[in-house]
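Scroll down for the structure; my scribbles are underneath it.
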Amino acid sequence: MSGAGSSRHVHLRVDGSVAVITFGNPPVNSLGHPVRAELAAALAEAAGDAAVGAVVLVGEDGRFSAGADIREFGTPLAARAPTLPQLIAAIEEGSKPVVAAIAGHCLGGGLELALGCHYRVALADARLGLPEVKLGLLPGAGGTQRLPRLVGVENALRLIVRGDPVAARTLAATPLLDRVVEGGLLDAALEVARAAAARGGAPPRVRDRAVDDPEAEALLQAARAAAEAGRPPSGAALRCVEAVAAARLPFAQGLGTERALFLELVAGEESRALRHVFFAERTASRVADVPESTPAREVRGAGVVGGGTMGVGIALCFLEAGLPVTLLEVAQGPLDQAVARIRAVVDGLVRKGRLSPEQRDRRMALLGPTLSYEDLATADIVVEAVFEEMGVKEQVFGRLDRVLRTGAILATNTSTLDVDRLALATGRPADVVGTHFFSPAHRMRLLEVVRGARTAPDVLATVLKLARTLGKTAVVAGVCDGFIGNRMVGRYLHQAMLMLDEGSSPAAIDAAVERFGVAMGPFRMSDLAGNDVGWRIRKRHAAEKRAGSAAPLADALCESGRFGQKTGGGWYDYAPGERRALASPQVGELIDAHRRRLGRAPRALDDEEIVDRLVLALVNEGARLLEERIAARASDIDVVYVAGYGFPATRGGPMFHADGRGLARVVARMRDFAANPHADPAFWTPAPLLARLAGSGRSFADFDAEGA
Ligand code: NAD
């Protein structure tokens, strides 16, 4: 071995005739400017060393690179030389062969870097992908031009338009990978490099290959149609297709098209929104006074009390993460039912080929159904998911307090009840926390973590860590009725009801907001969740003499037994066993009768009014939650809405959407709504924080930055 050089991110050593350049930038070896500059310098050094015949490029710590540093996007650093396209061009045009040795993640700019190399050797389980579309972008460093030249149009579209990574072994038969190995990556790469050096001559360049695919046009047409059918149609997906189409042009021309499309996307609303959500999700689990160094308690086993809709889903979450779960019910009947429902879901995974029968058996063996609290004695965390009644929950918490070991965490899945009061049913309120899962709990990504007044910092840290283990996106909320999500959705549903009073219909309201991109409009959502849930909450609010949530029409719907999908009808009719919402004549009559009682002549509401009234209802309540410190950041609220309520990520969440419109305009629009003769002016009084921000020309993003 001779010659060695190293800088902060890049290390070069010469092994015989091969220079091995190792680069690292924890945690994911992203390709920010310093890394690019040091890589360029190391490559130049290797190029100038007469003893070097070939180069191996390898990422540190068992991974190649997860791509560009997305914090650089849209900043001057992204354009500072060497840019990623410049670095890649320098490699490709070099006269000495460069071999990419690929392990772990090789994504986005990382894969584009590898595509610029002359040879690629990968571990079979390395993950290759171009996920830029998920951030509203396209691979902007030649990926859309080089990948189709190696894997064909169909594979390239799949990787670029869908953005899901694949294992290297699935691409082993394509010229993308010169060798795929199960182990010994560096040795294999060295072998390829030595052989290339010995062969001599100009190394092969991907750019010199042609895309020659008779199916290309049909494949591109189908991909265009699919991108246009998205809701809302994805500008990024469409441009990804156009970029792949351009790979049929001469290389330099295709690269120009890719660049132009990339620059258009990076400055556009969709990508800014998606990048906002990306960072917002990562920021959400940071809590100002709970440093990341806070030691978490160990969670090796869990308990769930209550095996209804939520208990079953929560137990499934633990099982999927490989954690043993003890599930407690009141009687054998409901316990058996809960186990049967868990089993049905796990069996379904086997049917879909996502789980082997052995994996199913191992997963089911982790489940311990019981009727006895004693069996919870060893659990590290117990999540309570019994009926939404304070008395019942207090009793359960009292019993848990008597049996759980010291240091175990007592969590409640309550949607509305006071976590602080519940904590007092135990002698250890510091160990009590809310874990508000969404239905179906094993599918929905969001977990609202409710921090009680006395919740210990390490309990919070433990639950946030556990959320990651369970694959959830956690947002911390303070204690109030409905926390972040349901408190806001209460205002949203209230506004939807007022629009019915004024003349709109469930179908028109749902369709308008679904065209905006929300996954499911308020009426279809209520039918899915069960209209009786809100009915019970309204009754409680009435008993507590709380104003502002009366909904006589929704009450009448429930009084007629129309609870939603589960009763075959709610705001819509449903055919047995089907989920398709059908207009209901009975509901039409109910609405007409209600309007007659109000003495209202119905008027037509257009999509813009419907969407604005729903979204701005969220924004105004969101501002109140910030002011009350129930939510710590506006970006947390956006995460709640995107991850838990189907708000379109391409619009960044309600608060980001409001910022985009300008808060002064938002406030002006609320004033317009307040002027509607049927409006409740109190509803549209801008929250003080919103008024303040709007008045001083600031945004929710400014609020977050100032608070950080
Ligand atoms: P559910 O009625 O489907 O299930 C409740 C289960 O708890 C029943 O199986 C019942 O037998 C059992 N149970 C009642 N008392 C018990 C006790 N003392 N000990 C043990 N088990 C007992 O209710 P759900 O929809 O699963 O809701 C459970 C909790 O989750 C509630 O607090 C609810 O507000 C909350 N939640 C529900 C949803 C939802 O969409 N359903 C979403 C988020 C949170």
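The values are calculated or read from the model by the stated rules, or taken from the named source; none is laboratory data. Model, not experiment: these values are computed from the prediction. Ideal geometry is used to build each Cβ from the backbone, glycine not excepted, and the neighbour counts take in all protein chains shown. Just so you know, the surface numbers come from the protein's heavy atoms only, side chains and all, with ligands and any DNA or RNA stripped out. Shrake-Rupley method; radii C 1.70, N 1.55, O 1.52, S 1.80 Å.
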In whole Å, what is the distance between the alpha-carbon centres of the stretch 466-545 and the stretch 54-91? 44
Cβ under 10 Å from residue 169's Cβ, residue 169 left aside: what net charge do those residues give with Lys, Arg +1 and Asp, Glu -1? -2
Given R₀ = 25 Å, FRET efficiency for residue 604-residue 675 by Cβ-Cβ distance, to 0.05? 0.85
Per residue, in Å², the accessible surface of the stretch 492-534 once ligands and nucleic acids are set aside, probe 1.4 Å: 27
Candidate lysines - alpha carbon under 26 Å from residue 539, same-chain residues fewer than 8 apart omitted: 393, 566
Starting from the Cα-Cα distance between residue 692 and residue 566, subtract it from 0.36 nm times their residue separation and give me the gain in nm to one decimal. 40.9 nm
Can you tell me, using C-alpha contacts under 8 Å and at least 6 residues apart, the relative contact order of the chain as a whole percent? 9
Relative frequency of Cα-Cα separations exceeding 14 Å in the stretch 206-271, percent: 60
Express as a percent, rounded to the nearest 5, the fraction of DSSP beta bridges in the chain (both residues included) that run antiparallel. 30
Compute and list, largest first, the equivalent-ellipsoid semi-axes of the stretch 391-521 from the alpha carbon gyration tensor, each √(5λ) rounded to a whole angstrom. 34, 17, 11
I'd like to check one number: the per residue accessible area of the stretch 183-322, probe 1.4 Å, reported in Å² as a whole number. 47
Ellipsoid semi-axes in whole angstrom, largest first, where each is sqrt(5λ) of the Cα gyration tensor of the chain: 50, 32, 24
How much accessible area does residue 641 have with a 1.4 Å probe, in Å² rounded to the nearest 10? 10
Which order do peptides 528-538, 387-397 fall in by mean Cβ count within 10 Å, highest first? 528-538, 387-397
How tilted is helix 33-48 with respect to the longest principal axis of the chain? Cα atoms for both, answer in degrees (0 to 90, nearest 10). 20
Which net charge results when you count Lys and Arg as +1 and Asp and Glu as -1 among the other residues whose beta-carbon is under 12 Å from that of residue 426? +1
Each residue of the stretch 640-654 in order: what ³J(HN,Hα) in whole Hz does its phi give by Karplus 6.51 cos²θ - 1.76 cosθ + 1.60, θ = phi - 60°, with x for Gly and Pro? 4, 6, 6, 7, x, 10, x, 5, x, 4, 5, 10, x, x, x
What are the ³J(HN,Hα) couplings of the stretch 583-588, residue after residue, when phi is run through the Karplus curve with 6.51, -1.76, 1.60 and θ = phi - 60°? Round to Hz, x for glycine and proline. 4, 10, x, 4, 5, x
Using 0.36 nm per residue of separation minus the Cα-Cα distance, give me the extension gain between residue 199 and residue 166 in nm, one decimal. 8.7 nm
At residue 173 and residue 217, where each label point lies 7 Å from the Cα along Cα→Cβ, what is the point-to-point distance in nanometres? 2.7
Karplus-derived 3J(HN,Hα), 6.51/-1.76/1.60, for each residue of the stretch 509-526, Hz, glycine and proline x: 5, 4, 5, 4, 6, 6, 5, 5, x, 5, 4, 8, x, x, 7, 5, 5, 5
For residue 665 and residue 375, calculate 0.36 nm times their separation in residues minus their Cα-Cα distance, and state this gained length in nm to one decimal. 98.7 nm
So, over other residues within a Cβ distance under 15 Å of residue 223, counting Lys, Arg +1 and Asp, Glu -1, the net charge is -2
In whole percent, the fraction of accessible protein surface over the chain that belongs to carbon or sulfur atoms, probe radius 1.4 Å, stands at 54
In the stretch 191-290, trypsin sites (Lys or Arg not before Pro) in a DSSP loop with at most 15 other beta-carbon atoms within 10 Å: 209, 286
Under 5 Å, built H, 5+ apart or other chain: amide partners of residue 476: 449
Could you sort 162-174, 91-103 so that the peptide with the highest average Cβ count within 10 Å comes first and the rest follow in order? 91-103, 162-174
Inter-label distance, nm, simple model (7 Å from Cα along the C-beta direction), residue 77/residue 706: 2.6
Please give the calculated 222 nm ellipticity per residue for the chain, where each DSSP H segment of at least 4 residues contributes -39500 (n - 2.57) and the sum is spread over every residue; nearest 500 deg cm²/dmol? -15000 deg cm²/dmol
Theoretical FRET efficiency, 1/(1+(r/R0)^6), r = Cβ-Cβ of residue 286 and residue 389, R0 30 Å, to 0.05: 0.30
In the stretch 554-603, the trypsin sites (Lys or Arg not before Pro) that fall in loop regions by DSSP, at most 14 other Cβ within 10 Å: 579, 580, 600, 603
